[in-house]
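Visitor: Just dropping this structure here.
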Amino acid sequence: MHSVILGTGSAAPENVVTNHDLEKIMDTSDEWIVQRTGIKSRHISLPGEKFSDFALPASRLALERAGLEATDIDFIFAGTMTPDYLMPAGACSVQALLGAEKATAMDVCAACSGFIYGLSIADKYLRCDPTLNILVIGGEIVSHHLDWDDRTTAVLFGDAVGAAVIGARADGHRILAVETGSNGNLGELLYIQGTGSATPVTRDFDIKDNYIQMRGREIFKHAIKNMVEVSNRALANAGKTVEEITKIIPHQANMRIIEMLAKQFKKPMEEVFVNIDRYGNTSAGTIPVALNEAATTGFLEPGDLVLLTVFGGGLTWAAAVVEW
Ligand code: UT7
């Protein structure tokens, strides 16, 4: 018995904001954004839209494709830093809406790496008890933390949520290894200063402290170094070599990072899944949304050996090797 991916789903706000839309509200250009990041448009939630509005349909799709009912789910792990509320957890909001009565629900706060961290926890629970059915969610409504006056961050991110149902089976899309890592010493390279206990929301709360701040160039270097390192670790644990990998689903933060990863792994871009042009960086949503699209569009074929790899705030990073 192995942990296997039984079904996937994803959802995003209907509202699409293009680079040309952004040109009208800030000093940027479609040309700069496409050349430096690969992003052409992103989904941005409308006022009133929240995490569970997208986590719920993504989870329902994943359950349907897994052939399971909400009442079959034992655990829900939601990788997110933007749940509906600070408390209860986003996973609890989804549990209530799904009617997943017997589930234990909790959030995994690891920024962009939240989904693969959740996958890692699910895999380890399943090694202890193979009868479990586990719903792993990843995604954000990150636009609430964007400063539309800051062109260095506002153009990069978007909103979306993905989900996968994991169980233990003899056959199926087997998770061969999941590896993770983090370095809290570098947390300030990518952070949101406010709303936590260090800078709580008081009467004189500075709204700027609600926004993402990123030292992009430094993050860029750490992203490549750590995604390569954790991917090699996951491959070693899976007993596979990089030559055996046939498809890569990388974190969608920057097209140049994705191309550099492909070069490092000596893979042609045809074997690398890319949807950053349509979504931008959806943080914990990048991997499950890409996985769902790769699975449902025929990009992933039976027999593929798939590498998932991600990097984000914390700093955090993770990789998984899946036999499709
Ligand atoms: O998901 C978590 C992980 N995140 C990442 O991995 C992101 C990693 N970093 C990156 O993707 C890139 O560093 C960025 C896309 C954030 C920035 O690209 P860059 O090539 O590193 O640009 P830069 O920050 O060095 O800025 C170059 C120039 C600057 O102008 P000057 O100082 O050279 O005159 C910026 O002010 O580009 C300017 N610039 C822009 N111009 C037009 C920055 N943002 C924009 C913009 N439109 N939106």
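The values are calculated or read from the model by the stated rules, or taken from the named source; none is laboratory data. This one's a predicted model, so the numbers in the text were calculated from it and none came from an experiment. Don't worry about glycine lacking a Cβ; one is built from the backbone with ideal geometry, like all the others, and counts go over all protein chains shown. Note: areas computed on protein heavy atoms with side chains; ligands, DNA, RNA excluded. Shrake-Rupley method; radii C 1.70, N 1.55, O 1.52, S 1.80 Å.
Visitor: State yes or no: is G158 open to solvent by less than 60 Å² (accessible area, probe 1.4 Å) and out of contact with any Ser or Thr (no Cβ under 6 Å at 6 or more places or on another chain)?
Guide: no
Residue-wise test of (1) closer than 23 Å to G90 by Cα; (2) of a type outside the set (K, R).
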position	(1), (2)
A177	no, yes
L189	no, yes
T199	yes, yes
F205	no, yes
D209	yes, yes
R215	no, no
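Yes/no matrix, rows are residues, columns are (1) closer than 21 Å to A238 by Cα; (2) in contact with a Leu (Cβ under 6 Å, 6 or more places away or on another chain); (3) outside the structural domain of R217 (by TED's automatic domain parsing):
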{"site": "P268", "(1), (2), (3)": "no, no, no"}
{"site": "V272", "(1), (2), (3)": "yes, no, no"}
{"site": "N281", "(1), (2), (3)": "no, yes, no"}
{"site": "I287", "(1), (2), (3)": "yes, yes, no"}
{"site": "E293", "(1), (2), (3)": "no, no, no"}
{"site": "A319", "(1), (2), (3)": "yes, no, no"}
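Visitor: When you scan segment 14-32, how many residues do you find that are within 13 Å of the ligand (Cβ to nearest atom), in contact (Cβ under 8 Å) with a residue 24 or more places away in the chain and of a type outside the set (A, V, I, L, M, F, W, C)?
Guide: So the count comes out to 3.
Visitor: Would you pick out the residues in segment 289-321 that are assigned to a strand (DSSP E or B) and farther than 30 Å from L190 by Cα?
Guide: Passing the criteria: only L305.
Visitor: Of all strands (runs of 3 or more DSSP E) completely enclosed by segment 9-107, which ones contain at least 2 residues that are in contact with a Lys or Arg (Cβ under 8 Å, 6 or more places away or on another chain), at pLDDT 95 or above and open to solvent by less than 40 Å² (accessible area, probe 1.4 Å)?
Guide: 41-43
Visitor: Just one of A62, A11, A89, A66 is under 23 Å from I134 (Cβ atoms), away from the ligand (no atom under 16 Å from the Cβ) and touching a helix residue (DSSP H, G or I) at 6+ places or on another chain (Cβ under 6 Å); which is it?
Guide: A11
Visitor: Related question: From the residues in segment 246-270 that are in a loop (DSSP other than H, G, I, E, B) and touching a Ser or Thr at 6+ places or on another chain (Cβ under 9 Å), which one is farthest from the ligand (Cβ to nearest atom)?
Guide: K267
Visitor: How many residues are free of Cβ contacts under 8 Å to residues at least 60 places away in the same chain, open to solvent by 40 Å² or more (accessible area, probe 1.4 Å) and not hydroxyl-bearing (S, T, Y) if we restrict to segment 268-298?
Guide: Narrowing segment 268-298 to residues free of Cβ contacts under 8 Å to residues at least 60 places away in the same chain: 268-273, 275, 294, 297-298.
Checking which are open to solvent by 40 Å² or more (accessible area, probe 1.4 Å) leaves us with 268-271, 297-298.
From what's left, not hydroxyl-bearing (S, T, Y): 268-271, 298.
The number of residues fulfilling the criteria is 5.
Visitor: Could I ask something else about it? Can you name the residue in segment 126-155 that is part of a strand (DSSP E or B) and not acidic (D, E) and, of all such residues, is surrounded by the fewest Cβ atoms within 10 Å (Cβ to Cβ)?
Guide: I134
Visitor: Give the residue, chosen from S182, S143, that is under 23 Å from S59 (Cα atoms) and of a type in the set (S, T, N, Q).
Guide: Exactly one residue qualifies, and that residue is S143.
Visitor: Scan segment 243-258 and report the pairs whose first residue is at negative phi and not assigned by TED's automatic domain parsing to the domain that holds L305 and whose second residue is among the aromatic types (F, W, Y) and in a loop (DSSP other than H, G, I, E, B), with Cβ atoms within less than 8 Å and a gap of 6+ or a chain change.
Guide: If the second residue must be among the aromatic types (F, W, Y) and in a loop (DSSP other than H, G, I, E, B), no pairs are left.
Visitor: Right, something else. Scan segment 108-125 residue by residue and report those that are among the hydrophobic types (A, V, I, L, M, F, W, C) and surrounded by 23 or more Cβ atoms within 10 Å (Cβ to Cβ). Full working, then the answer.
Guide: If we filter segment 108-125 for residues that are among the hydrophobic types (A, V, I, L, M, F, W, C), which is where we start, we get 108-112, 115-116, 119, 121-122.
Result: V108, A110, A111, C112, F115, I116, L119, A122.
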